[in-house]
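> Please read through the structure below; I'll follow up with questions.
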Amino acid sequence: WDAGMVVCVAAGNSGPNSGTIASPGLSDKVITVGAFDDKDTAGNRDDDDVAEFSSRGPTIYGDIKPDILAPGVNIVSLRSPNSYLDKLQKSSRVGNDYTVLSGTSMATPICAGIVALMLEHNPNLPPNEVKERLMNNAVSWEGIDPNKYGAGYINAEKAIY
């Protein structure tokens, strides 16, 4: 972070209780990503919410976390054949090459991809400005608990400018 590298980390899957974000998500020099659940209704935002399993703040230091939410429920990703997870969750396979998983570790790469696009558009953005733009341009709800929702749902289109 101090050397100019943006770091995105998973908030963890220890929700729904408060105070469940652990290291490295505690740091203010990372973007801590919680998981969002669109309830498989992409065209309808009325039922969208933070995923039940997504860890929540405040941190042990009293700081607000997560920083932002990204899609983290039923995410289709590349399968790693014969890996521990592949053997454990055979029913999650999608064809031969993909798997569907949920977790903040599935939400974090989505955030990292948006960060990469932001830096492609403006390579001179320092990490703190990347984080600020993501958080300031998130989709938020009225009266939300920032220790549950962070700044809200990540919005790539608004963050990349």
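> Cα axis of helix 104-121 to longest principal axis of the chain: angle in degrees, 0 to 90, nearest 10?
It works out to around 50 degrees.
> Provide, for the chain, the number of lysine pairs with alpha carbons under 24 Å apart, each pair being eight or more places apart or on different chains.
Number of lysine pairs found: 14.
> Here's another thing I want to ask about it. Summarise the long-distance tail of P(r) for segment 112-151 by giving the % of C-alpha pairs beyond 10 Å. Intermediate results must be reported in sequence, preceding the final value.
Numbers: 564 of 780 pairs.
Looking at segment 112-151, the distances longer than 10 Å represent 72 percent of pairs.
> How compact and how long is segment 1-95, expressed as Rg and Dmax of its alpha-carbon atoms in Å?
According to the Cα coordinates of segment 1-95, Rg and Dmax are 15.5, 44 Å.
> So what is the 222 nm mean residue ellipticity for the chain from helices alone, if each DSSP H run of at least 4 adds -39500 (n - 2.57) and you divide by all residues, rounding to the nearest 500 deg cm²/dmol? All intermediate terms of the calculation are to be shown ahead of the outcome.
Values: 5 runs with 41 residues, N = 161.
My calculation for the chain gives -7000 deg cm²/dmol from helical runs alone.
> To continue, here is another question. Which values of log₁₀ I(q)/I(0), to two decimal places, follow from the Debye formula for the chain at q = 0.16 Å⁻¹ with a uniform point scatterer at every Cα?
Treating every Cα as an identical point scatterer, log10 I(q)/I(0) equals -0.90.
> Using the alpha-carbon centroid of each, what span in Å lies between segment 139-158 and segment 1-53?
Their Cα centres are 11 Å away from one another.
> Now, a different point. For segment 1-40, what does the relative contact order come out to in percent, with C-alpha contacts under 8 Å and a separation of six or more? Numbers along the way, then the final one.
Working: 38 pairs, mean separation 17.6, N = 40.
It comes to 44 percent, rounded to a whole number.
> Could I ask something else about it? Could you give the radius of gyration (one decimal) and Dmax (whole number) of the Cα atoms in segment 26-78, in Å?
My reading of the Cα-based Rg and Dmax gives 12.8, 38 Å.
> If you don't mind, another one. With axes computed from alpha carbons, what is the tilt in degrees of helix 127-136 against the longest principal axis of the chain, rounded to the nearest 10 within 0 to 90?
80
> Would you mind listing how long segment 75-146 runs along its three principal axes, going by Cα atoms, in whole Å with the largest first?
41, 35, 18
> Looking at segment 13-161 only, what percent of DSSP beta bridges run antiparallel? Nearest 5 please. All intermediate terms of the calculation are to be shown ahead of the outcome.
On the way: 9 of 14 bridges.
The antiparallel fraction comes to roughly 65 percent.
> Compute the Rg/Rh shape ratio of segment 73-115: radius of gyration over Kirkwood radius, all on alpha-carbon atoms. Write down the numbers at each step before the final one.
Details: Rg = 10.8 Å, Rh = 10.8 Å.
Result for segment 73-115 is an Rg/Rh of 1.00.
Bear in mind that the values in this text are calculations on the coordinates, not laboratory data. Please read these numbers as outputs of a predicted model, since none were measured by experiment.
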